[in-house]
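Since the structure comes first, as structure tokens, the remarks are kept for the end.
The values are calculated or read from the model by the stated rules, or taken from the named source; none is laboratory data. Not measured: the values here are computed from a predicted model. Glycine gets a Cβ as well: all are built from the backbone with ideal geometry, and neighbour counts include every protein chain shown. Protein only, heavy atoms only, side chains kept; ligands, DNA and RNA dropped before computing areas. Shrake-Rupley method; radii C 1.70, N 1.55, O 1.52, S 1.80 Å.
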Amino acid sequence: MPLPRPACCATPRNTPGTDPGVTGVGGLARRKRLGQTSANPEMRRRGPMSAKISPLAPKSYPTMPAIGGVRIATAEAGIKYRNRTDLMLMVFDKGTEVAGVFTRSKCPSAPVDLCRRNLGGGTARALVVNSGNANAFTGKRGRETTALTAKAAAAAAGCKAGEVFLASTGVIGEPLDAGKFAHLLEGLAASAAPDGWTEAGKAIMTTDTYPKYATATVDLGGTPVTINGIAKGAGMIAPDMATMLSFIATDAPIAAPVLQALLSRGVGDSFNAVTVDSDTSTSDTLLLFATGAAGKHGAPRIEKASDRRLGAFREALGTVLKSLALQVVRDGEGARKEIQITVTGATSARSAKTIALSIANSPLVKTAIAGEDANWGRVVMAVGKAGEPADRDRLSISFGGIRVAHRGERDPKYSEDKVSAYMKGEAIAIRADIGLGKGEATVWTCDLTKEYVEINGDYRS
């Protein structure tokens, strides 16, 4: 049985590949003005490797509504790719507040360093994102590039450089030439429009085979508020914080410290619960912006994380974050199957998550699933190597509700035919009960195929 898709992704939008934000004469003129000469939407959304779309891609995409106080524009800067957008600018109204979560890598990118510094100010007026070059491990030149970009974006948005946030994704170790795109920011700011979410999702892609979107509308103190999110990620994904790039915006009037509390909590069951290949990126960046525009329509300003009026908003934000995180897993490089791993009966929730990640990150488990082989012995191996309390003679393992191992041996009712039929599906659920306590955790991953090796073997080509 396929795992349920989050409700926030169920609303159909225009046919995939069409763009309600950049269509018609005005949209074409805008693209030409910014160097966006390609009118082929399939080319604009294509990653650097292949035009093939993941078989796990959403069957439909949500309609991304405008968010009051947010305007967006994209362009083809030619940083690495040709005939597709690779630069995105978001401009926020004055008073927009911001929160962020970043990679825990000890080798963070220059944009991550800049975002961490600027986050202390609590306000944001512009976000600049480029794809094709991570601006990571680029030393003094990398820092100079971020400074130049922030200065150009500040001039374009009419704000201070400390209110500019940057993110870069792509190849590590290659200098990023700000001269390729800084001059475009003024034109992007002038042409930015509220309906640019669809194009924004495409512009930040690298090896992604499809853009990732999520949206939700909820009640805050009697007034509707909206949350929109986009993400990119397909490889170098591990839960620490755990995606490449993701950007969320809302019109809710919420103070920066409250946003930070909501975001820090929300990543636990979303971006910190997914893995594709166990590799934590140098560039992981998740930013949440709140423009406060809904305050003009009666939404109350929230100053405390304990405010009871936040209940529905907190739940909706969690749904958006989880949706985006699962879309990243489904677009794992070369992925053909989504895998949900649930560990129960551990000595603690922390121990359960460690065991679950040991299973999720095992190449032997992932390749077995790619081959549609219910090799539960590899799950036993992954539990045993996790370094957490476990008892071989209390361990039970199930695939899709079919118990295959129980109390230290193969289940007496084990049916190879039944479990083999289950393994042919696109969504695989594995459950391991440790039998020692009440700790539980669920993580998500994908299978490991030959295509993952092909993509990463040719990535810099």
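Annotations for the structure displayed:
- On a per residue basis, the range 136-188 carries 47 Å² of accessible surface, using protein heavy atoms and a 1.4 Å probe.
- H297/T63 FRET efficiency (R0 35 Å; Cβ-Cβ; nearest 0.05): 0.95
- Approximating the spin labels as points 7 Å out from Cα along Cα→Cβ, the K385-to-A190 distance works out to 5.8 nm.
- Relative contact order of the range 148-257, pairs being alpha-carbon contacts under 8 Å that are 6 or more residues apart, as %: 19 percent
- Solvent-accessible ranking of W197, W444, largest area first, probe 1.4 Å: W444, W197
- Amide H contacts of I254 (H built 1.01 Å from N, under 5 Å, at least 5 apart or other chain): G292, I302
- For a paramagnetic label modelled on K413 (point 7 Å from Cα along Cα→Cβ), amide N atoms under 18 Å away belong, within the range 380-405, to 395-405.
- Sites K438 and H183 - FRET efficiency at Förster radius 60 Å, r taken between beta-carbons, to 0.05: 0.55
- Bridge type composition, the range 302-461 - antiparallel percent by DSSP, nearest 5: 70 percent
- Solvent exposure of the range 293-452 as accessible area per residue, Å², 1.4 Å probe: 46 Å²
- Spacing of the two label points (7 Å from each Cα toward its C-beta) at E144 and A349, in nm: 4.8 nm
- Computed from backbone phi with θ = phi - 60° and the Karplus coefficients 6.51, -1.76 and 1.60, the 3J(HN,Hα) list for the range 379-387 is 5, 4, 4, 5, 5, x, 8, 5, x Hz; x is used for glycine and proline.
- The solvent-accessible area of H406, taken with every protein chain present and a 1.4 Å probe, is close to 50 Å².
- Backbone geometry of the range 224-229 corresponds, through the Karplus equation with coefficients 6.51, -1.76 and 1.60 at θ = phi - 60°, to 3J(HN,Hα) couplings of x, 10, 10, 10, 10, x Hz, x marking Gly and Pro.
- Per-residue surface analysis assigns T138 an accessible area of about 20 Å², computed on protein heavy atoms at 1.4 Å probe radius.
- Packing-based ranking of 376-384, 199-207, 68-76 yields 199-207, 68-76, 376-384, ordered from highest to lowest mean Cβ neighbour count within 10 Å.
- Element breakdown for the range 250-347 at a 1.4 angstrom probe: carbon and sulfur atoms account for 46% of the accessible area.
- One decimal place: the segment E451-A155 gains 102.2 nm when fully extended, by the rule 0.36 nm per residue minus the C-alpha distance.
- Carbon and sulfur %, accessible surface of the range 65-172 computed with the full protein complex present, 1.4 Å: 52 percent
- Computed from backbone phi with θ = phi - 60° and the Karplus coefficients 6.51, -1.76 and 1.60, the 3J(HN,Hα) list for the range 53-69 is 8, 4, x, 9, 4, x, 6, 8, 10, x, 6, 9, x, 5, 10, x, x Hz; x is used for glycine and proline.
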